[in-house]
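Data block below; observations after.
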Amino acid sequence: MLRPHLYAGLQISPKVRPVPHWDVNKLFRTYHSRLLQFVRRRKLSWHMADDIVQDTFLRIIATPSLPEQDFAKSYLYRTANNLVIDHFRRERILSFVPDPEKAFEMLADDTPSPEQIAWSRQELKRLQKILQKLPKHHREVFILARIEGLTYVQIGEQLGIPSQTAFSRMVRALGLIKEAMDQAEKK
């Protein structure tokens, strides 16, 4: 954040600020064919180059904050170049798939297997037993932080303790839980 008294003599004018609009029609008529040539030189098919140029102008229309009109040409070329880079990144990812049309069919299923579900339930039961054995003040802080999602300041306010105490109790609770989990694994 700029402090006005420290920068009193300076004229600070950001290059990007909200602009009511550019004359997109005029920009399109002026730069469309040049942008198309610029994008085609990146070894893209004519229809892909045309799509990228069209997307460039759509980005201009959809952008709420644009540079001053003086920077329009460089902004257009930079946007088109970024879209070309994005296109090649996507192509590089899809090149690992034999049939890009079926790319989504080859994605791994995120649904846990029955074995993973059973293991997770066992771990949860083990954690519940460990939590029940924790001292009450450590258990309260753990539950408020990890299950309720409260901050240490909020926990401190709720329990009537300093936030630093809530934090140290959480550290201790995590240490006790890890210790108990490690001991259970050794058995």
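Coordinate-derived values only; no laboratory data. What you are looking at is a predicted structure, and each value in this text was computed from that prediction instead of being measured. Quick reminder, even Gly has a Cβ in these numbers, built from the backbone with ideal geometry, and neighbours come from all protein chains shown.
Let me check I've understood the local charge: for residue 164, count other residues with C-beta under 15 angstrom from its C-beta, Lys and Arg +1, Asp and Glu -1. What total comes out? Display every interim value, and only then the final one.
Numbers: positive: 169, 172; negative: 157.
My count for the surroundings of residue 164 gives +1.
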Please list, in order along the stretch 124-131, the HN-Hα scalar couplings obtained from phi with the Karplus expression 6.51 cos²θ - 1.76 cosθ + 1.60 (θ = phi - 60°), rounded to whole Hz, x for Gly and Pro.
5, 4, 4, 5, 4, 5, 5, 4
Starting at the first residue of the stretch 145-151, write each ³J(HN,Hα) from the Karplus equation 6.51 cos²θ - 1.76 cosθ + 1.60 with θ = phi - 60°, in whole Hz, x for Gly and Pro.
7, 8, 9, 7, x, 7, 7
